[in-house]
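Quick notes on the structure that follows.
What follows is calculated from the coordinates using simple rules that are stated; it is not laboratory data. Since this is a predicted model, take the numbers as computed values, not measurements. For neighbour counting, all protein chains shown are included, and Cβ atoms are generated from backbone atoms with ideal geometry for every residue, glycine included.
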Amino acid sequence: MHTTSTRVRIKALKTDIKEFNREARLLAKVPMMAPAIRERHAEVERLKEEVKKLESSDRARIEDLHVWEMEKVKGSKTYTYWMAGWRKDGKIRNVHLGSIKKISEKEALEKARKMKAEALEIM
């Protein structure tokens with residue numbers, strides 16, 4: 001697994017959950033702080049739901065994608081094009097995305113994400 005924006009978000013949410021739980025434990029030691037403790041617990045539950053939603057969406061799996069340039073030499077000409085790869089059923093699947101002259105890296109990445117989602121039957 002590689003670092004993706006969704007995985008970074010999930011990690012940050014889990015850190016926030018730990019912090020709110022720690023605050024609730026500290027507030028439990030102080031008399032008359034029941035409303036603040038309930039507020040912390042409500043926030044923890046909201047964050048847990050958000051983490052659960054992100055983890056079940058398979059969004060992080062789709063984002064875990066690497067796009068690279070491939071060079072192919074045919075005779076005296078050199079052709080460059082975008083490639084992407086992912087795992088499916090224990091095998092690596094490499095796909096051709098298009099010529100570097102015709103599509104940008106951002107467009108290639110979006111195309112690869114759509115292809116990966118279709119191949120893995122996520123969307």
Give the share of C-alpha pairs in each 5 angstrom bin for the chain, from 0 to the last occupied bin, in whole percents, shortest bins first. 2, 10, 14, 14, 12, 10, 8, 7, 6, 5, 4, 3, 2, 1, 1, 0, 0
Span per principal axis, largest first, for the Cα atoms of the range 5-61 (Å): 46, 14, 10
Applying 1/(1 + (r/R0)^6) with R0 = 22 Å to the Cβ-Cβ distance of residue 50 and residue 4, what FRET efficiency is obtained, to the nearest 0.05? 0.85
Once you keep just the Cα pairs under 8 angstrom separated by 6 or more residues, what percentage relative contact order results for the chain? 20 percent
Between residue 25 and residue 79, what is the label-to-label distance in nm when each label sits 7 Å out along the Cα-to-Cβ direction? 6.1 nm
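Rounded, prolate or oblate: pick one for the range 65-119, where a ≥ b ≥ c are the square roots of the eigenvalues of its C-alpha gyration tensor, a/c under 1.5 means rounded, and failing that, prolate if a/b is larger than b/c, else oblate. Write down the numbers at each step before the final one.
On the way: a/c = 3.18, a/b = 1.58, b/c = 2.01.
In terms of gyration-tensor shape, oblate.
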For 55, 23, order by how many other beta-carbon atoms lie within 10 Å, fewest first: 55, 23
Please get the size of the charge dipole for the range 1-50, origin at its Cα centre, with Cβ charges of +1 on Lys and Arg and -1 on Asp and Glu, quoted in debye to the nearest 20. 220 debye
Charge dipole (debye, nearest 20) of the range 65-119; +1 at Cβ of Lys and Arg, -1 at Cβ of Asp and Glu: 140 debye
Percent RCO, i.e. relative contact order, over the range 5-61, from Cα pairs under 8 Å lying at least 6 residues apart: 48 percent
What's the ranking of 35-45, 106-116 by average number of surrounding C-beta atoms within 10 Å, highest first? 106-116, 35-45
So if each residue of separation counts as 0.36 nm, and I subtract the Cα-Cα distance between residue 96 and residue 32, what length gain in nm does that give? 16.7 nm
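About the Cα centre of the chain, how large is the charge dipole given +1 on each Lys and Arg Cβ and -1 on each Asp and Glu Cβ? Please answer in debye to the nearest 20.
Values: 30 positive and 20 negative charges, 65 e Å.
So the magnitude is around 320 debye.
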How many angstrom lie between the C-alpha centres of the range 50-95 and the range 1-48? 35 Å
